[in-house]
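*Asks:* Sharing a structure below in structure tokens format, with a few things to ask.
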Amino acid sequence: MDAEILLNVNNVEVVYNRTIQVLRGLSLRVPKGEIVALLGSNGAGKSTTLKAVSNLLELEDGAVTAGQIEFDGTDIASLTPHGLVRRGLFHVMEGRRIFEDLTVEENLTAATFSLSGRGLPITPFDLVYSYFPRLYERRKGLAGYLSGGEQQMLAIGRALISKPKLILLDEPSLGLSPKLVEEIFTIIARINAEQGVSMLLVEQNAAVAFSVASYGYIMEMGKVVIDGPVERLVKDQDVQEFYLGLG
Ligand code: ATP
């Protein structure tokens, strides 16, 4: 029996500016409690897939023109991005998008605004700091002065505030040293295991994505070309050659 499916993306097509088709029948699933990796070369449509799921395409004059996306049993087409956050879906965008002129703690506080008042649960800051002790040390400092790795930690920490069921993570390794990448991915794996948060992880770095994910999808030109459990993908010759650099 399959695990319960939290996110179901079915045959989705996305067009920007009414003319540029970027997703061409993309399908993928994220089961509850798992980390699923979405890989592919530059421009394949990975970030577009995440924006389609979090309903952010409109901001860039993009639209889903075919297919369905269901999160936790509900069609997302009828939900706003904020509505999705309140239902437990949080998108950590590429480039982190933290508030640089606010302190670390104020960034976490800002994440509570759309939740408090609606009686929605909020993760205690102490729990966030338990995963990211460096954020605790720097909680009174401006977020703009954090290192790239610390800003990525804050972006993930802020996602935790809303007690998400699913986090969409766009290239958390981008621009970070190998040591920091290892540190952040260790924390990502712990958050998944201890908090039961599912993740859809977009990465250029296949090896690091496979170190935490249970299942992987590889997309090219707007659709999935290879998918399977990670233990099978790492043995696939094409995957080794083109994505793991082992050819
Ligand atoms: P990368 O790792 O380089 O970000 P990606 O797989 O995440 O790649 P996307 O960012 O989803 O790819 O982009 C897929 C394609 O869609 C690219 O050809 C890109 O130029 C195009 N695209 C992305 N955003 C827009 C937009 N707002 N308007 C028009 N075209 C866009």
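Just so it is clear, none of the values below were taken in a lab; they were calculated from the coordinates. In this text, all values refer to a predicted model and were calculated from it rather than measured experimentally. Cβ sites come from the backbone with ideal geometry, for glycine too, and all protein chains shown count toward neighbours.
*Asks:* Could you work out how much longer the chain between Glu94 and His82 gets when fully extended? Use 0.36 nm per residue separation minus the Cα distance between them, nm to one decimal.
*Replies:* Numbers: separation 12, 0.36 × 12 = 4.32 nm, distance 1.81 nm.
Length gained between Glu94 and His82: 2.5 nm.
*Asks:* Going from the alpha-carbon gyration tensor of the stretch 159-247, what semi-axes, largest first and in whole Å, does one get by taking the root of 5 times each eigenvalue? If you can, show how the numbers build up before the last one.
*Replies:* Numbers: eigenvalues 107, 47, 30 Å².
Output for the stretch 159-247: semi-axes of 23, 15, 12 Å.
*Asks:* Quick one: how many lysine pairs in the chain have C-alpha atoms under 19 angstrom apart, if they're 8 or more apart or on different chains?
*Replies:* Numbers: Lys32/Lys163; Lys32/Lys165; Lys46/Lys223; Lys51/Lys165; Lys51/Lys223.
Count of close lysine pairs: 5.
*Asks:* Ok, one more. With springs connecting C-alpha atoms under 10 Å apart, model the chain as a Gaussian network and identify which of Ser78, Ser54, Ser214 has the largest mean-square fluctuation.
*Replies:* Ser78
*Asks:* Please compute the length gained on full extension between Ala66 and Met221, using 0.36 nm multiplied by the number of residues separating them and subtracting their Cα-Cα distance. Please report the intermediate quantities before stating the final value.
*Replies:* Numbers: separation 155, 0.36 × 155 = 55.80 nm, distance 1.63 nm.
Going from the current span to full extension adds 54.2 nm.
*Asks:* Using only the alpha carbons, work out the radius of gyration and Dmax of the chain in angstrom.
*Replies:* Every Cα atom of the chain included, Rg and Dmax give 17.5, 55 Å.
*Asks:* Under a plain spin-label model, where a point goes 7 Å from the Cα along Cα-to-Cβ, how far apart in nm are Asp236 and Arg118?
*Replies:* 3.7
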